[in-house]
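K.L.:
Take a look at the following structure, please.
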Amino acid sequence: MRLTRTPLATAAFAGLATLTLAACSADASDSASSAAAEGDVTTVTVGASPIPHAQILEFIDSELAADAGIDLEIVEFDDYVLPNEALASGELDANYFQHVPYLDSQIADKGYEFEHGAGVHIEPYAAFSNTYASLDELPDGATIAITNDVANQLRGLRLLESAGLLVDVADDSSVINLTDEQNPHGFTFVENQPEVIVQQIEDPAIDLAFVNGNFILQAGLSTDDALLVEEVEGNPNANILVWRSDNTNTGVEVLEELLHSPEVADFIRETWPSGDVLPGA
């Protein structure tokens with residue numbers, strides 16, 4: 001079962017989603033009762049980005065979960081804030097949408113008591129332009145759209161550094177504290193939520209836009225068309241399964257194991273042969 005959340009979810013919608021989850025849980029309980037003769041079934045409610053995370057979870061639910069004794073309820077989120085809030089509140093047993101640097105920044109900022117598994121897959125971070133065909137054409141003073149969260153913003157700055165467009169990017173660098181020496185081309189940075197930036201690619205006021213991997217896929221884009229693409233080897237930004245430190249749902253551990261199964265790795269390679277999603281930590 002899939003439910004969908006957006007960043008604009010209201011309290012009333014949240015209540016409706018909770019009621020819906022409760023109803024689905026009742027259905028799952030009925031199914032579990034009928035399967036009791038063959039073994040216990042544990043329901044795991046997981047929050048995920050629609051692409052590729054929910055797709056990977058759907059594959060597990062349809063092909064692997066039953067034999068492993070779990071049933072997945074997949075709740076989709078279109079932003080990066082609500083999934084952690086829902087996990088902290090107990091609405092979810094786990095979530096699957098983020099990488100360790102982002103998780104660490106959220107824990108430091110909001111005090112979440114979360115744990116996480118090993119990296120499941122990597123979606124290379126990339127920068128797109130609807131105006132220029134190459135970085136060589138990017139002018140001094142260009143306007144660059146970049147995410148407003150610390151972890152992914154640093155990814156973008158490091159990509160610009162790797163291309164020779166920024167200098168001496170440090171671990172605590174941000175668009176706010178870049179010096180003229182670090183930003184010799186005088187780029188102007190426009191910060192926004194990741195789900196908004198993908199829409200800014202076609203904005204004539206934006207010369208270059210950094211887009212997170214899941215939004216690249218949702219928009220029907222490919223890193224083949226990007227001007228800058230993150231290296232995969234040694235990349236610390238693999239996406240992970242996250243759960244509360246006080247988790248008591250044994251199905252979460254089972255799901256973590258299934259996410260690292262050969263079947264899931266093959267599914268990722270076959271579904272995204274372009275390399276926009278790659279299995280591995």
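K.L.:
Of GLU191, GLU202, GLU123, which residue is among the charged types (D, E, K, R), within 28 Å of ALA48 (Cα to Cα) and under 14 Å from the mean Cα position of the chain (by Cα)? Give the derivation first.
P.N.:
Details: GLU191 fails: under 14 Å from the mean Cα position of the chain (by Cα); GLU202 fails: under 14 Å from the mean Cα position of the chain (by Cα).
Only one candidate passes the filter, namely GLU123.
K.L.:
Which residue, of GLU76, GLU123, is touching a Ser or Thr at 6+ places or on another chain (Cβ under 8 Å), touching a residue at least 24 places away in the same chain (Cβ under 8 Å) and not hydrophobic (A, V, I, L, M, F, W, C)? Full working, then the answer.
P.N.:
Values: GLU123 fails: touching a Ser or Thr at 6+ places or on another chain (Cβ under 8 Å).
Sole residue among the options that is touching a Ser or Thr at 6+ places or on another chain (Cβ under 8 Å), touching a residue at least 24 places away in the same chain (Cβ under 8 Å) and not hydrophobic (A, V, I, L, M, F, W, C): GLU76.
K.L.:
Is it the case that segment 60-83 has a residue that's under 11 Å from the mean Cα position of the chain (by Cα) and part of a helix (DSSP H, G or I)?
P.N.:
Yes.
Residue-by-condition table, conditions (1) over 25 Å from ASN192 (Cα atoms); (2) touching a residue at least 40 places away in the same chain (Cβ under 8 Å):
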position: ASN214; (1), (2): no, yes
position: GLY234; (1), (2): yes, no
position: GLY251; (1), (2): yes, yes
position: SER261; (1), (2): yes, yes
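K.L.:
Please determine, by comparing only the residues of segment 66-87 that are aliphatic (A, V, I, L, M) and in contact with a helix residue (DSSP H, G or I) (Cβ under 7 Å, 6 or more places away or on another chain), which one is surrounded by the fewest Cβ atoms within 10 Å (Cβ to Cβ).
P.N.:
Only one residue tops the list, namely ALA68.
K.L.:
Since GLN199 meets every condition but one in (1) of a type in the set (S, T, N, Q); (2) in a loop (DSSP other than H, G, I, E, B); (3) outside the structural domain of ILE60 (by TED's automatic domain parsing), which condition does it not meet?
P.N.:
Of (1) of a type in the set (S, T, N, Q); (2) in a loop (DSSP other than H, G, I, E, B); (3) outside the structural domain of ILE60 (by TED's automatic domain parsing), only one is false for GLN199: (2).
K.L.:
Return yes or no: is GLN182 part of a helix (DSSP H, G or I) and either farther than 18 Å from GLU231 by Cα or outside the structural domain of SER261 (by TED's automatic domain parsing) (or both)? Walk me through it before giving the result.
P.N.:
On the way: part of a helix (DSSP H, G or I): no; either farther than 18 Å from GLU231 by Cα or outside the structural domain of SER261 (by TED's automatic domain parsing) (or both): yes.
Here the answer is no, as GLN182 does not meet what is asked.
K.L.:
Right, next: Could you run through segment 202-215 and say how many residues are in a strand (DSSP E or B) and of a type in the set (Val, Ile, Thr)? Before the answer, list the steps.
P.N.:
Taking segment 202-215 first, the residues in a strand (DSSP E or B) are 208-211.
Add one more test, that the residue is of a type in the set (Val, Ile, Thr), and what stays is 211.
Matching residues across segment 202-215 total 1.
K.L.:
If you don't mind, there's one more thing I want to ask. Looking at segment 163-174, can you tell me whether even one residue there is over 17 Å from the mean Cα position of the chain (by Cα), in contact (Cβ under 8 Å) with a residue 40 or more places away in the chain, surrounded by fewer than 20 Cβ atoms within 10 Å (Cβ to Cβ) and under 24 Å from VAL277 (Cα atoms)?
P.N.:
Restricting attention to segment 163-174, the residues satisfying the condition of being over 17 Å from the mean Cα position of the chain (by Cα) are 163-174.
Checking the rest, the ones that are also in contact (Cβ under 8 Å) with a residue 40 or more places away in the chain come to 163.
Narrowing the set further to residues that are surrounded by fewer than 20 Cβ atoms within 10 Å (Cβ to Cβ) leaves 163.
Cutting the leftovers down to under 24 Å from VAL277 (Cα atoms) gives us 163.
Yes; the residues of segment 163-174 include at least one that is over 17 Å from the mean Cα position of the chain (by Cα), in contact (Cβ under 8 Å) with a residue 40 or more places away in the chain, surrounded by fewer than 20 Cβ atoms within 10 Å (Cβ to Cβ) and under 24 Å from VAL277 (Cα atoms).
K.L.:
Is it the case that segment 131-144 has a residue that's polar (S, T, N, Q), out of contact with any Gly (no Cβ under 7 Å at 6 or more places or on another chain), within 18 Å of GLN200 (Cα to Cα) and part of a strand (DSSP E or B)?
P.N.:
yes
K.L.:
Being surrounded by fewer than 20 Cβ atoms within 10 Å (Cβ to Cβ) and touching a strand residue (DSSP E or B) at 6+ places or on another chain (Cβ under 7 Å) narrows it down to one residue among GLY111, GLY90, GLY117; which is it? Please lay out each step first, then the result.
P.N.:
Values: GLY111 fails: touching a strand residue (DSSP E or B) at 6+ places or on another chain (Cβ under 7 Å); GLY90 fails: touching a strand residue (DSSP E or B) at 6+ places or on another chain (Cβ under 7 Å).
Within the list GLY111, GLY90, GLY117, the selection yields GLY117.
K.L.:
Can you pull out the residues in segment 216-246 that are touching a strand residue (DSSP E or B) at 6+ places or on another chain (Cβ under 8 Å), surrounded by 17 or more Cβ atoms within 10 Å (Cβ to Cβ) and not in a strand (DSSP E or B)?
P.N.:
Answer for segment 216-246, where residues must be touching a strand residue (DSSP E or B) at 6+ places or on another chain (Cβ under 8 Å), surrounded by 17 or more Cβ atoms within 10 Å (Cβ to Cβ) and not in a strand (DSSP E or B): ILE216, LEU221, THR223, ALA226, LEU227, GLU230, ASN235, ASN237, ALA238.
K.L.:
Here is a further query. With the requirement that a residue be in contact with a Gly (Cβ under 7 Å, 6 or more places away or on another chain) and touching a residue at least 60 places away in the same chain (Cβ under 8 Å), what does segment 175-212 give you?
P.N.:
Across segment 175-212, the qualifying residue is only PHE210.
K.L.:
May I ask you to verify whether PHE187 is under 15 Å from GLU123 (Cβ atoms), modelled with pLDDT of 95 or more and buried (at least 20 other Cβ atoms within 10 Å of the Cβ)?
P.N.:
Numbers: under 15 Å from GLU123 (Cβ atoms): no; modelled with pLDDT of 95 or more: yes; buried (at least 20 other Cβ atoms within 10 Å of the Cβ): yes.
No: the conditions fail for PHE187.
K.L.:
Of the residues ALA94, ALA142, ALA163, which is over 25 Å from GLU181 (Cβ atoms), modelled with pLDDT of 95 or more and of a type in the set (Gly, Ala, Ser)?
P.N.:
Working: ALA142 fails: over 25 Å from GLU181 (Cβ atoms); ALA163 fails: over 25 Å from GLU181 (Cβ atoms).
Going through ALA94, ALA142, ALA163 in turn, the sole match is ALA94.
The values are calculated or read from the model by the stated rules, or taken from the named source; none is laboratory data. Bear in mind the structure is a predicted one, so any value in this text is a computation, not a measurement. Counting neighbours? That spans all protein chains shown, and the Cβs are built from the backbone with ideal geometry, glycine included.
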